[in-house]
Amino acid sequence: MLVTLHVRLLAWIALFLTALPVSALASGEVVTAAVAANFTKTIEEIGARFTEETGHTIRFSSGPSGKLYAQIRNGAPFDLFFSADTEKPELLAAEGRADTPFVYARGRLALYSPDLPVREGWQQVLEEAGFRHLAIANPRTAPYGAAALEVLTSLGALERVEPKFVQGESIAHAFQFVATGNAALGFVALSQLVDPAGPVFGKGEFWLVPEDLHSPIDQAAVVLERGRASPAALAFMDYMRSPRAREIIERYGYSIP
Amino acid sequence: MIELFGASISLEPIWLTLQVAAVTTVILLLLGTPLAWWLARTRTRWRVVIEAIVALPLVLPPTVLGFYLLIVLNPNGAVTQFLRGFGFEGQLTFSFTGLVIGSVLYSLPFAVQPLMHAFESLSERLLDAAATLRAGTLDRFFSVVVPLSRRGFLTAATLSFAHTVGEFGVVLMVGGNIPGQTRMVSIAIFDHVESLAYTEAHVLSAMMLVFSLVVLTLVYGLNRRFGVKVG
């Protein structure tokens, strides 16, 4: 009795598993893209549009760019790579693992605080440095962090606020420090603040850092070796340059160079 | 800073990691022993619930645990406010204290479970015999229970220490990567990999591997030599 029950259960599971890919595949090709974590939401929306229009399916594998880069170099099955910087795509191109990189988005840096008057009073807030912690992304690993350092240097405030730094491993992590109230303020991405579904949308205030205070936070993408032979992968790369995609990218708080 | 195989390695994260792991291990033995004793002896039906709660860190992804800690320990949160009442002025997150709190929670099952199993397999008769010899509760514990459970203690201490050394997700979330204060070895390795400094990452990882292998081998060796068969 128990045995037959198990057999039946297994049969159902097997049936379910075999039925699953059929519905997932629908029609068209499947493209796999590695995406820097900060851009995942944006590109998922673009991907959904692309699938509607072309019937090709895009699967996104998101993570820190450095990890994705290491995976690609070690044979990860990705067709496209959307990095959070320009360095890693350029390296891959130089190593012959990818085609010429193109900049698909430019990040905007913002100084955000739930409580402090940073929109008008950012200068005073940074000068007085009366807060306990200022969150930034790790300047060594995250372009937003490097940009934040440049901003503080150009404002002459670096020395005063540096002892108050807490570093997130990524811009998402730096954002969490501020959003959970553990750091009084932080340099985050505009895209995290303008997202209507985000946890701080409409709360607190931010100062949009002028772009001339830091080098551009360019995010570059490349077609990888595996993607060269895939028409769908190449089509998606073209689609990223289309007005439709640009509209979505800008809506999520990025600019396009 | 030392130079090793062409990579310059900062020793700060290594020193910090050893300190956090040592403090965590001591706290876990102090907290874990009475908890494990109670779990091993109690007859209440709540026992299974407490056991399950103790085991939770095995299931929760460390970054999730870290994220919850970030919320619970935040400066406006109840825990910090409660401590303010006793004159506490610092902040729990982004500090050594925060790292230790996170590590204690994260390694709790690794201390409690070996101790509990050791206590469970103690013979009731030995304890009764000690009692008839008029040994007090504490006396019985230290002269009968502890020597008989020393394998359990050794395992609990080793696993707590090793698990804390290798911890990443929790300290990543509550640490804030402050050099010399909260940047532990695993974070330093992650940083090296993320910034494509693979040589530094390799050297640091190799140091960690060799260290852990040596420590674990020593402990298991000791365990074999001096271990008392429990039960």
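Looking across B:Thr17, B:Thr24, B:Thr97, B:Thr80, one residue alone is modelled with pLDDT under 90 and not basic (Lys, Arg). It is B:Thr80. Taken as a whole, the structure leaves A:Leu190 outside the set of residues that are among the hydrophobic types (A, V, I, L, M, F, W, C) and more than 20 Å from the chain's Cα centre (by Cα).
Please state which one of A:Tyr69, A:Tyr104 is open to solvent by less than 20 Å² (accessible area, probe 1.4 Å) and either among the polar types (S, T, N, Q) or under 26 Å from A:Pro210 (Cα atoms) (or both). Spell out how you get there, then give the answer.
Numbers: A:Tyr69 fails: either among the polar types (S, T, N, Q) or under 26 Å from A:Pro210 (Cα atoms) (or both).
Sole residue among the options that is open to solvent by less than 20 Å² (accessible area, probe 1.4 Å) and either among the polar types (S, T, N, Q) or under 26 Å from A:Pro210 (Cα atoms) (or both): A:Tyr104.
Applying a threshold of 6 Å to beta carbon distances and a minimum spacing of six or more residues, or different chains, the list of pairs starting in region B:173-198 at a residue that is more than 8 Å from chain A (Cβ to nearest Cβ) and in contact (Cβ under 8 Å) with a residue 24 or more places away in the chain and ending at one that is open to solvent by 20 Å² or more (accessible area, probe 1.4 Å) and of a type outside the set (A, V, I, L, M, F, W, C) reads B:Gly180/B:Glu12.
State all residues of region A:212-257 that are assigned to a strand (DSSP E or B) and out of contact with any Ser or Thr (no Cβ under 8 Å at 6 or more places or on another chain); if no residue qualifies, say none.
Let us first name the residues in region A:212-257 that are assigned to a strand (DSSP E or B), namely A:217-224, A:255.
Result: A:Ile217, A:Val223, A:Leu224, A:Ser255.
Put simply, of B:Ala129, B:Ala201, B:Ala135, B:Ala188 the only residue that is out of contact with any Phe, Trp or Tyr (no Cβ under 7 Å at 6 or more places or on another chain), surrounded by 14 or more Cβ atoms within 10 Å (Cβ to Cβ) and modelled with pLDDT under 85 is B:Ala135. Can you name the residue in region A:42-81 that is part of a strand (DSSP E or B) and hydroxyl-bearing (Ser, Thr, Tyr) and is also farthest from A:Val30 (Cα to Cα) among such residues? Residue satisfying both the conditions and the ranking: A:Ser62. Summed over region B:143-172, residues that are basic (Lys, Arg) and within 12 Å of another protein chain (Cβ to nearest Cβ) total 0.
Among the residues here, B:Ser10 qualifies as modelled with pLDDT under 90 and closer than 28 Å to A:Gly168 by Cβ.
Residues considered: B:Val59, B:Val100, B:Val64, B:Val49. Of these, the only one that is more than 18 Å from B:Phe153 (Cβ to Cβ) and within 14 Å of chain A (Cβ to nearest Cβ) is B:Val64.
Table: residues versus (1) away from chain B (no Cβ under 14 Å); (2) touching a residue at least 12 places away in the same chain (Cβ under 8 Å); (3) not acidic (Asp, Glu).
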residue	(1), (2), (3)
A:Thr32	yes, yes, yes
A:Ile46	yes, yes, yes
A:Arg49	yes, yes, yes
A:Thr57	yes, yes, yes
A:Pro64	no, yes, yes
A:Lys67	no, no, yes
A:Gly75	yes, no, yes
A:Asp79	yes, yes, no
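Counting only strands (runs of 3 or more DSSP E) that fall entirely inside region A:135-211 and contain at least 3 residues that are open to solvent by less than 40 Å² (accessible area, probe 1.4 Å), the qualifying elements are A:165-168, A:185-189.
Quick one: which helices (runs of 4 or more DSSP H) lie wholly within region B:57-143 and hold at least 2 residues that are under 30 Å from B:Asn223 (Cα atoms) and not β-branched (Val, Ile, Thr)?
Where helices (runs of 4 or more DSSP H) fall fully within region B:57-143 and carry at least 2 residues being under 30 Å from B:Asn223 (Cα atoms) and not β-branched (Val, Ile, Thr), they are B:96-120, B:124-132, B:137-140.
For every residue, the table says whether it meets (1) free of Cβ contacts under 8 Å to residues at least 40 places away in the same chain; (2) out of contact with any His (no Cβ under 9 Å at 6 or more places or on another chain); (3) not assigned by TED's automatic domain parsing to the domain that holds A:Arg246.
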site	(1), (2), (3)
A:Glu95	yes, yes, no
A:Ala137	no, no, yes
A:Tyr144	no, yes, yes
A:Glu150	no, no, yes
A:Ala157	yes, yes, yes
A:Ala184	no, no, yes
A:Phe187	no, yes, yes
A:Leu190	no, yes, yes
A:Pro196	yes, yes, yes
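Condition first: more than 14 Å from A:Leu185 (Cα to Cα) and within 12 Å of another protein chain (Cβ to nearest Cβ). Now tell me which residues in region A:146-162 satisfy that. The one that is more than 14 Å from A:Leu185 (Cα to Cα) and within 12 Å of another protein chain (Cβ to nearest Cβ): A:Ala146.
The values are calculated or read from the model by the stated rules, or taken from the named source; none is laboratory data. Since this is a predicted model, take the numbers as computed values, not measurements. Positions of Cβ are backbone-derived with ideal geometry, glycine not excepted, and every protein chain shown enters the neighbour counts. Areas reflect the complete protein model, heavy atoms only, side chains present, ligands, DNA and RNA absent. Shrake-Rupley method; radii C 1.70, N 1.55, O 1.52, S 1.80 Å.
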